[in-house]
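Here's the structure, in structure tokens; my notes come after.
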Amino acid sequence: MTPLRHRITAAHAGDLPVLRGPFLAVPSPMVTEIACGSFPDFVCIDMEHGAVSPETAENMVRAAAVHRVSALVRVPGVDPVAIGQALDWGAEGVLVPRVNTPDEARAAVDAARYPPHGSRGAGPGRASGYGRAIPAALDRAARETVVALQIETVEALDRVAEIAAVPGVDLLFIGPGDLGVGLAATGRSTTVAEAVDTILAACAAADRPAGIFAMTTAGLAPYVGRIALGIVGSDATILVAGFDAAFA
């Protein structure tokens, strides 16, 4: 399986289509396996809005690995412990929400990278074969770990060019829903579409891959050619749609 980080780079260059995968917020390895049976490019286990405990999240990463599907973990925030744990479980990368400043971006990168590029600790977790293969895990992490940062607030929008320039960031991920809430709450005249365009332009200027959330694959269509990755809905929204259709 080609590492997700390499596929993001290829999609950014236009050599692959936009990578697509769902959020998984239901705390269930079984649901993870069902989702992976549909052959998404990746899954993103949601520990920010989902009710997913660390133990369950590790088993969800393991379930994705059974199907050879890359797993990202959306951690609760810029938390070195949470970031390190997710990577120790064997996740290919982290999606860090609410990154508002270049300093927070640097902190996320620092937590996700081993020295000399960061301060992540080398522990005997699943990613290192429970301590049997720490040198190989360090080498693999240097080549394959994805650090994706969510741009979803007005503060982040105002500083997106600086955030995009932080070394070690692999992708900026746009949260249009929270952006819309923030713009409305602050009385900005900027539309969500204009904010998204500003973020995508900053990514292009920094040659930084971009991603965005959409409820459906069709919702990604306006951004094709400008994004490398799209998170499409979630297990919960897909369940809602299925049950609503079944009992309409």
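Assorted remarks:
- Failed condition for CYS44, given (1) hydrophobic (A, V, I, L, M, F, W, C); (2) open to solvent by less than 50 Å² (accessible area, probe 1.4 Å); (3) touching an Asp or Glu at 6+ places or on another chain (Cβ under 9 Å); (4) under 27 Å from MET1 (Cβ atoms): (3)
- Restricted to segment 102-134, and to residues there that are among the charged types (D, E, K, R) and in contact (Cβ under 8 Å) with a residue 12 or more places away in the chain, the residue that is most open to solvent (accessible area, probe 1.4 Å) is ARG106.
- Qualifying residue in segment 88-101 (condition: under 29 Å from GLY187 (Cα atoms), among the basic types (Lys, Arg) and either surrounded by fewer than 18 Cβ atoms within 10 Å (Cβ to Cβ) or modelled with pLDDT of 95 or more (or both)): yes
The values are calculated or read from the model by the stated rules, or taken from the named source; none is laboratory data. Predicted, not measured: the structure shown is a model, and the values here were computed from it. When we count neighbours, we look across all protein chains shown, and the Cβ atoms used for this are built from the backbone with ideal geometry, even at glycine. Protein only, heavy atoms only, side chains kept; ligands, DNA and RNA dropped before computing areas. Shrake-Rupley method; radii C 1.70, N 1.55, O 1.52, S 1.80 Å.
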